[in-house]
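Each remark here refers to the structure printed beneath this line.
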Amino acid sequence: FSDNARADSIMILSLNLKAHTIKLVSIERGIGVPVPGRNDDWITHTFRYGGAKLTMKTIEDCFNVQVDHYVRVNFNSFVQIVDAVGGVDLDITKMEAKALNWEVPSNSMLMVNHVDPGPNHFDGYTALQYARLRKIDNDWHRIERQRTVIQAVLDQIQNASVTDLDNLLNTMLPLVQTNFTKT
């Protein structure tokens, strides 16, 4: 994990234990915000200036949302987590396939030979390239792709046994930074 990183993606997960619901909200990384102790800047830069603590404080101040915990995932750990669940099934558009295949300019660094529009099974690296696409449309579509990958990971583990989930957590926890305890 780099100490000089920006928050490439910011999502707030809310667990309602009474109603047994989960809500996931994305914050667009290019939103200008007042940063505590600094001038106004993009919210993505808060992580670089003060890590998770400053990003959480900025979210609390700007959006009036209490943020208790964080989980930090970098590109490498993203790849390993997707691979740990056996990859993900994604249905991609023609333009997304063209971007991943470099038929249109993109920030993709795809390592497989070719992907086609429609249903695909992606390994972690290919899922990362998909989630990072942004030159074909805009940042909101990119956020949607990131959320699609997260949902696909959850789909992969929804029927896992308690033992399998425990094994998966033991694999995944060393790959992230968090202020959660293992318990």
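Okay, here's what the table says:
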{"quantity": "Portion, in percent, of the accessible area of the chain that falls on carbon or sulfur, probe 1.4 Å", "calculated": "53"}
{"quantity": "Within straight-line cross-link reach of K94, lysines at Cα separation under 19 Å, skipping those fewer than 8 residues along the same chain", "calculated": "K135"}
{"quantity": "Computed magnitude of the charge dipole of the chain (debye, nearest 20; Cβ of K, R +1, Cβ of D, E -1)", "calculated": "440"}
{"quantity": "With DNA, RNA and ligands ignored, accessible area of K98 (1.4 Å probe; Å², nearest 10)", "calculated": "70"}
{"quantity": "Sparse-neighbour loop sites [chymotrypsin sites (Phe, Trp or Tyr not before Pro); the stretch 82-179; at most 16 other C-beta within 10 Å; DSSP]", "calculated": "W102"}
{"quantity": "Relative contact order for the chain, counting Cα pairs under 8 Å that sit 6 or more residues apart, in percent", "calculated": "19"}
{"quantity": "Cβ-Cβ FRET estimate between K94 and N74, R0 fixed at 30 Å, reported to 0.05", "calculated": "0.50"}
{"quantity": "The chain, accessible area per residue, ligands and nucleic acids excluded (1.4 Å, Å²)", "calculated": "62"}
{"quantity": "Kyte-Doolittle mean at least 0.5 and Cα axial length at least 30 Å: DSSP H helices in the chain", "calculated": "none"}
{"quantity": "Most to least packed among 25-38, 84-97, 159-172 [average Cβ atoms within 10 Å]", "calculated": "84-97, 25-38, 159-172"}
{"quantity": "Calculated on alpha-carbon atoms, Rg and Dmax of the chain in Å", "calculated": "17.2, 48"}
{"quantity": "Among N64, T126, N39 the positive-end extreme of the charge dipole of the stretch 34-134 (Cβ point charges)", "calculated": "N39"}
{"quantity": "Expected 222 nm ellipticity per residue - DSSP helices of 4 or more, -39500 (n - 2.57), all of the chain, to 500", "calculated": "-12500 deg cm²/dmol"}
{"quantity": "Percent RCO, i.e. relative contact order, over the stretch 46-129, from Cα pairs under 8 Å lying at least 6 residues apart", "calculated": "29"}
{"quantity": "With 10 Å bins from 0: P(r) over the stretch 78-182, alpha-carbon pairs, percent", "calculated": "15, 44, 28, 13, 1"}
{"quantity": "Charge tally in the Cβ shell below 12 Å around I31, where Lys, Arg are +1 and Asp, Glu are -1, I31 excluded", "calculated": "-3"}
{"quantity": "Residues of type lysines that K18 reaches as a straight line, Cα spacing below 23 Å, ignoring anything fewer than 8 places off in the same chain", "calculated": "K182"}
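The values are calculated or read from the model by the stated rules, or taken from the named source; none is laboratory data. Given the structure is predicted, the values throughout are model-derived calculations rather than measurements. Note: ideal-geometry Cβ built from the backbone for every residue, glycine included; neighbour counts use all protein chains shown. Protein only, heavy atoms only, side chains kept; ligands, DNA and RNA dropped before computing areas. Shrake-Rupley method; radii C 1.70, N 1.55, O 1.52, S 1.80 Å.
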